[in-house]
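All of the numbers you see were taken from the coordinates with simple rules; none came from a lab. Computed from a prediction, not measured in an experiment: that's the story for all the values here. Glycine also receives a Cβ, built like all others from the backbone with ideal geometry; neighbour counts cover every protein chain displayed.
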Amino acid sequence: MEIIKIKGENFANCYVIMDSNQFILVDPSRSINKFIKEMNNEGIEVSKENIIFLKQNYSQNVLHSTLHNTEKFVCLGVFVTHSHYDHIFNIEEWIDAGANVFCSKNAINNANNELTNASFFFNKHCYKIKNEIIVSDNDIIKVGNKNFKVLETPGHTDCSISLLGQDDYGYNVLFCGDLLFENGGVGRTDLPTGNTELLNQSLDKIFKLKKPLKVYSGHGKVFVIND
C-alpha cells in the first residue's frame, strides 16, 4: 500500500491511498491533472486514459479482470472528511469524471451552502455532491487488500468523518481532516455546525485508538501519536 500526499498551496492536504492498483482520494482539493502530475513524480505512471472510475454497480468480475492489466488504475472514489470548501475544492471535477463520493449524510447539504462550507469568506461557491455513497460509524471501505474503517468524528463540523486503517509497516493510520493537527492543535468550532462538546467526544474516541497512530491531518505535517 502507498499513501501519497498531493502537494499544493493554499488548500487542505489531499492524500491518495493506493493498493493493488485501486485508490481512494482523501479530500479532493486537487485537480485531476495535479493528481496525475504528483503520481508521476512518485514513479507511478498515471494518465487520464488509464484511470477507471468504479461505478456503484460495477461487477466484481469486471473489476478483477481490470486489475490484471497493470496499466489501469481503478478510482474507487473520493473520501470527504468534511465539506469545508478547502477540502472539496475540486470535487465537482472528480464527480464529472465519474468518481463516487464517500461522505456522511450531512456533508451533502453542507457542501451546497456557502455558509456551512465556509466559502462565504472567499469564493462563495456551492458544491453539488453527486454519486454519493453515504457512510457512517464502523462502515468498511476496502482499497485493494486493505480495509479502512469509517469513524464519525463531528465537532469541527457536523459532517466530519475520519478513516482508520493500517499501513504495510504495521502502523495504524488515521485520515482525520481538521479534527487534529500536529503539536496538539484541534479543529476550530466557531464556524457553522461546529460544536465544542462533540469535538471533545471525537478527540476522546481518537485517543482511545491503538497506538502508535500515524495521523494524516487536514493541514500541516503527518505526525505520530505514541501514547
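With r defined as the distance between the Cβ atoms of Glu197 and Asn10 and R0 fixed at 35 Å, what FRET efficiency is calculated, to the nearest 0.05?
After rounding, the FRET efficiency stands at 0.65.
With both bridge residues required to lie in the chain, what share of the DSSP beta bridges run antiparallel, to the nearest 5%?
60
Kindly provide the helix-only [θ] at 222 nm of the chain, computed as the sum of -39,500 (n - 2.57) over DSSP H runs of four or more divided by all residues, to the nearest 500 deg cm²/dmol?
Calculated mean residue ellipticity at 222 nm is -5500 deg cm²/dmol.
If you build a Gaussian network model of the chain, linking Cα atoms that sit under 10 Å apart, which residue out of Gly185, Gly77, Gly43 swings the most?
Gly43
Test of understanding: in a Gaussian network model of the chain with alpha carbons linked when under 10 Å, which of Val186, Val74, Val26 would top the mean-square fluctuation ranking?
Largest GNM mean-square fluctuation: Val186.
If you find the alpha carbon centre of the stretch 155-207 and of the stretch 1-50, how far apart are they in angstrom?
22
Net charge near Leu54: determine it from the other residues with C-beta under 12 Å of the C-beta of Leu54, scoring Lys and Arg +1 and Asp and Glu -1. Working shown, then result.
Numbers: positive: Lys55, Lys72, Lys142; negative: none.
Net charge around Leu54: +3.
Quick check: net charge around Pro154, other residues with Cβ under 11 Å of its Cβ, Lys/Arg +1 and Asp/Glu -1? Let's see the in-between values first.
Working: positive: Lys205; negative: Asp137, Glu152, Asp158, Glu197.
Value of the local net charge: -3.
Excluding Leu198 itself, what net charge comes from residues whose Cβ is under 12 Å from its Cβ, given Lys and Arg +1 and Asp and Glu -1?
Details: positive: Lys205; negative: Glu152, Asp158, Glu197, Asp204.
Summing Lys/Arg as +1 and Asp/Glu as -1 gives -3.
Using modelled backbone amide H atoms (1.01 Å from N, in-plane), which distant-in-sequence or interchain residues come within less than 5 Å of Phe89's amide H?
Ser29
Which entry in [x] 148; [y] 134; [z] 115 matches volume of the Cα convex hull per residue in Å³ derived from the coordinates of this structure?
[z]
Looking at the square roots a ≥ b ≥ c of the eigenvalues of the Cα gyration tensor of the stretch 82-170, which shape do they give, rounded for a/c under 1.5, prolate if a/b is larger than b/c, or oblate?
Verdict is prolate for the stretch 82-170.
7 Å from Cα along Cα→Cβ at both Ala97 and Lys128: what's the point-to-point distance in nm?
Taking the two extended label points, one gets 2.0 nm.
What length, rounded to one decimal in nm, is gained on full extension from Ser136 through to Asn183, with 0.36 nm per residue of separation minus their alpha-carbon distance?
14.1 nm
Under a crude label model (7 Å from the Cα following the beta-carbon direction), how far is Asn113 from Ser20 in nanometres?
Label at Asn113, label at Ser20, 4.0 nm between them.
Taking the chain as a Gaussian network, Cα atoms linked when under 10 Å apart, which of Phe102, Phe148, Phe23 shows the biggest mean-square fluctuation?
Phe148
Taking the Cα centre of the chain as origin, sum charge times position over the Cβ atoms of Lys and Arg (+1) and Asp and Glu (-1), and report the length of that vector in debye to the nearest 20.
200
With unit charges on the beta carbon (Lys/Arg positive, Asp/Glu negative), name the residue among Gly187, Ile32, Asn145 whose Cα is farthest towards the positive pole of the charge dipole of the stretch 2-225.
Ranked along the dipole, the leading option is Asn145.
Which order results if His219, His84 are arranged by neighbouring Cβ count within 10 Å, fewest first?
Least crowded to most crowded, the residues run His219, His84.
Mind running the shape call on the stretch 127-219? Use the C-alpha gyration tensor, a ≥ b ≥ c as the square roots of the eigenvalues: rounded below 1.5 for a/c, prolate if a/b tops b/c, oblate otherwise.
Cα axes put the stretch 127-219 in the oblate bin.
Non-local amide H neighbours of Val186 (under 5 Å, H modeled in plane, Pro and chain starts lacking H): which ones?
Phe181
What's the longest uninterrupted piece of the chain once you rule out the trypsin sites (Lys or Arg not before Pro) that are loop residues per DSSP with at most 16 other Cβ within 10 Å?
The segment 131-187 is the longest one with no such site.
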